[in-house]
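Worksheet for the structure shown next.
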C-alpha cells in the first residue's frame with residue numbers, strides 16, 4: 001500500500017547564485033532548509049521568487065519580524081507564505097543564514113528552531129493548496145514621507161559589484177560612503193559602498209551627476225546624521241536622505257570601518273543597523289508612487 005507522502009516544507013533563506021552558473025530565464029536558485037536542518041539550493045520559478053519578495057515587502061513596512069516559508073503543495077512545487085516570528089527566532093535565523101553561507105552546515109543548537117517556525121505554515125496549507133493566497137497578518141503605521149525631491153532614474157544606470165552568492169540586491173539601499181575611483185571606473189561614474197535591505201554590503205557605480213545632485217539637496221541641519229537612501233519605485237529608482245539616530249549612525253560607521261579594514265561586512269549586522277534599515281524600508285514604503 002502507498003503511504004501518505006509528508007510534504008517537505010522549507011524555510012526560504014535567500015536567493016543564491018553558484019559560481020559560473022547561468023540559470024535559464026525565469027528561474028532563481030533559493031537557499032533554504034527543512035525542519036530537520038538539511039540545506040538546499042533549489043531552483044524555483046521566478047514567479048515563486050517574486051511572490052515571496054512581495055510578501056516580504058508587505059511585512060517589511062509593518063516592521064514586524066517574519067519568516068518566509070515554501071509550502072510543498074505537490075511534489076516539487078513550493079508556494080511561498082509568511083509567518084510571524086518572535087525576536088529569539090529572528091536571532092536564530094540570522095545565525096542559521098550565517099552558517100549556511102559559511103560552511104553549509106547547521107549546528108544542532110540552531111536546528112531546534114526550524115520545526116516550530118515551519119510548522120506555523122500549516123494553517124496556510126489549505127488556502128495555498130486550493131490555489132488561493134494565504135493572507136499574512138499585516139500591521140501598518142503612519143510614517144513620514146521621504147524620497148520626494150530628487151528625480152527618478154533608470155536601474156540600468158547602476159552597476160553592482162556583488163558577492164557570488166547573491167542573486168540580486170534588495171531595496172532600499174543605504175549609502176554608507178563614497179569610495180575613491182579606480183582604474184575600472186570612468187570619470188562619469190562614482191563608486192559607493194551600500195548596505196542593502198538584507199544587511200549585505202556591496203559596491204555600486206552610479207552616474208556622477210546623480211551623486212552631485214544629491215549632494216546639493218543634502219539637508220543642512222544635522223547633516224552628519226543623514227544618510228543617502230536609494231529606493232525602487234514603479235517609475236524607477238529614487239534617491240534622497242534619511243535621518244538616523246546617533247546609535248544607528250555609530251552602527252553604520254562600524255560596518256563601514258570593517259569593510260575598509262577587511263574588504264567585507266559582518267553578518268549578522270547589529271540591532272542598531274537593522275533598525276536603520278527598518279526605518280529606511282518604512283519611509284520608502286510611504287513615499288509617493
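Tell me, how many Å apart are the Cα centres for the range 23-51 and for the range 84-116? If you average the Cα positions of each part, the centres end up 18 Å apart.
Between residue 120 and residue 42, the simple label model (points 7 Å from Cα in the Cβ direction) yields a spacing of 1.9 nm.
For a paramagnetic label modelled on residue 108 (point 7 Å from Cα along Cα→Cβ), amide N atoms under 20 Å away belong, within the range 23-39, to 34-39. Going by the alpha-carbon gyration tensor, a ≥ b ≥ c the square roots of its eigenvalues, is the range 60-113 rounded (a/c under 1.5) or, if a/c is not under 1.5, prolate (a/b greater than b/c) versus oblate? Note, shape of the range 60-113 comes out oblate.
Once both labels are positioned 7 Å from their Cα atoms along Cα-to-Cβ, the gap between residue 25 and residue 6 label points is 4.1 nm.
Projected label points at residue 245 and residue 275, each 7 Å from Cα along the beta carbon direction, are separated by 0.2 nanometres. If r is the Cβ-Cβ distance from residue 184 to residue 215 and R0 is 30 Å, what FRET efficiency results, to the nearest 0.05? That gives a FRET efficiency of 0.80. Taken over the range 10-129, the convex hull of the Cα atoms encloses 109 Å³ per residue.
Computed from the coordinates by the stated procedures, all read-outs in this text should not be read as laboratory data. Since the model is a prediction, treat every value here as computed from it, not as a measurement. As a convention, Cβ positions derive from the backbone with ideal geometry for all residues, glycine included, and neighbour counts pool all protein chains shown.
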